[in-house]
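The values are calculated or read from the model by the stated rules, or taken from the named source; none is laboratory data. Values in this document were obtained by computation on a predicted structure and should not be read as measured data. Here the Cβ positions follow ideal geometry from the backbone for every residue, glycine too, while neighbour counts run over all protein chains shown. All accessible areas refer to the heavy atoms of the entire protein, side chains included, with ligands and DNA or RNA removed. Shrake-Rupley method; radii C 1.70, N 1.55, O 1.52, S 1.80 Å.
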Amino acid sequence: MAEEPVNVNEYQELARQALPKMYYDFYAGGAEDQYTLKENVEAFRRITFRPRVLIDVSKISLSTTILGYNVSAPIMIAPTAMHKLAHPEGEVATARAAAACNVIMILSYMSMCTVEEVASSCDAIRFFQIYVYKRRDITAQLVQRAERSGYKAIVLTVDVPRLGKREADIKNRMIAPQLKNFEGLLSTQVVSDEGSNVKAFADSTFDASLTWKDVGWLRSITKLPILVKGVLTHEDAIKAVEAGAAGIVVSNHGARQLDYSPATISVLEEVVHAVKGKVPVFVDGGVRRGTDVFKALALGAQAVLIGRPVVYGLAAKGETGVRRVAEMLKDELELTMALSGCPTIRDITRGHVITDRERLHSSL
């Protein structure tokens, strides 16, 4: 019997073994040189701890609230596409794992299970991720379906006026299946001579003329709070707040869009300072350890989003794998809190970490 994984990273190799190369590359790959893909992970490693001692950590609580909803830990499942390519049960299995762990799942607009199927599968707190399409009626219908199905927030992804150059998908001629969410609305079976039909679909449907005023339009068609995902600068963070966003996700799209954009953890504090506590700030990209979660919280994030590790867990062991990924991160976060002298999430402060910039400044 093969040894069970002891950390989240080990699920990646299990997923690589389990998946066809085309699908593994689709999930694992980044844009162009994949500099940002590596940097998302490496940037966490350059942050170190300032642990405090002789504090009562006999009881540790990871619980927190996100947009007013009580959750077991400051961890959310990020929106990632086409889970049935990883496992036959797809997003339904992911949602059940989220419910079992009491963490929030953000369902991707490119899910292979419908909005309604995922909603009826379990009682997880769910958000729905969306783009604004050239045909606004498609966006409106998907948002209304999510609202009717009990989703609690809309996550608007704003960093894809065009799809990034994902060279593995081009080489593999990655084919996206028809997505059930779009049945009767549009076809995802776009024919392309340029390799990936995922790119062809995105280019034919996404609206490159999207601006901040469209956030106002989205707010006008739903009562749900809107999180803006894809912010990397203080200028855009301020604009997001002015546009009425209920929260911001610091994200570079898992390094799948603009290569050589900054690692998300390296610009998190810039965004946090810009919003001045007016809205919560979340971060995704490169989180592989409970220590990474702690570092993000210390730099001002209210929670982190987990993308690829969830898909790897799903590919390796289905719903159980997703649950184990979430549990591993929670267990490691709990240990990090105990060893750093933080009994609760509220006790994690900026003083608990040192960034590479601070070390450089102190040495000058």
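If the condition is being in contact (Cβ under 8 Å) with a residue 24 or more places away in the chain and either more than 20 Å from Leu314 (Cβ to Cβ) or open to solvent by 30 Å² or more (accessible area, probe 1.4 Å) (or both), then region 7-16 contributes Asn9, Gln12, Leu14. When residues in region 303-347 are screened for being touching a Pro at 6+ places or on another chain (Cβ under 9 Å), farther than 14 Å from Ala97 by Cα and surrounded by fewer than 20 Cβ atoms within 10 Å (Cβ to Cβ), 2 of them pass.
Among the residues making up region 205-240, those that are among the aliphatic types (A, V, I, L, M), open to solvent by 10 Å² or more (accessible area, probe 1.4 Å) and under 20 Å from the mean Cα position of the chain (by Cα) are Leu224, Leu232.
Taken over region 172-181, the residue count meeting the criterion of being in contact with a Ser or Thr (Cβ under 6 Å, 6 or more places away or on another chain) and either modelled with pLDDT of 80 or more or open to solvent by less than 10 Å² (accessible area, probe 1.4 Å) (or both) is 4.
Criterion applied to Leu67, Leu107 was being over 22 Å from Glu332 (Cα atoms), open to solvent by less than 20 Å² (accessible area, probe 1.4 Å) and among the hydrophobic types (A, V, I, L, M, F, W, C), and the one residue passing it is Leu107.
For region 349-364, what are the residues that are in a helix (DSSP H, G or I), within 15 Å of Ala301 (Cα to Cα) and either open to solvent by less than 60 Å² (accessible area, probe 1.4 Å) or modelled with pLDDT under 80 (or both)?
Pass one, region 349-364, residues in a helix (DSSP H, G or I): 350-352, 356-363.
Next cut, within 15 Å of Ala301 (Cα to Cα) only: 350-352.
Scanning region 349-364 gives Gly351, His352.
Of the helices (runs of 4 or more DSSP H) lying entirely inside region 235-345, those containing at least 3 residues that are among the hydroxyl-bearing types (Ser, Thr, Tyr) are 308-340. Annotation note: Cβ proximity below 9 Å between a residue of region 33-55 that is assigned to a strand (DSSP E or B) and a residue that is open to solvent by 70 Å² or more (accessible area, probe 1.4 Å) (sequence gap 6+ or interchain) occurs for Thr48/Arg359; Phe49/Leu339. Flag set for Cys101, criterion: open to solvent by less than 10 Å² (accessible area, probe 1.4 Å), touching a helix residue (DSSP H, G or I) at 6+ places or on another chain (Cβ under 8 Å) and among the hydrophobic types (A, V, I, L, M, F, W, C).
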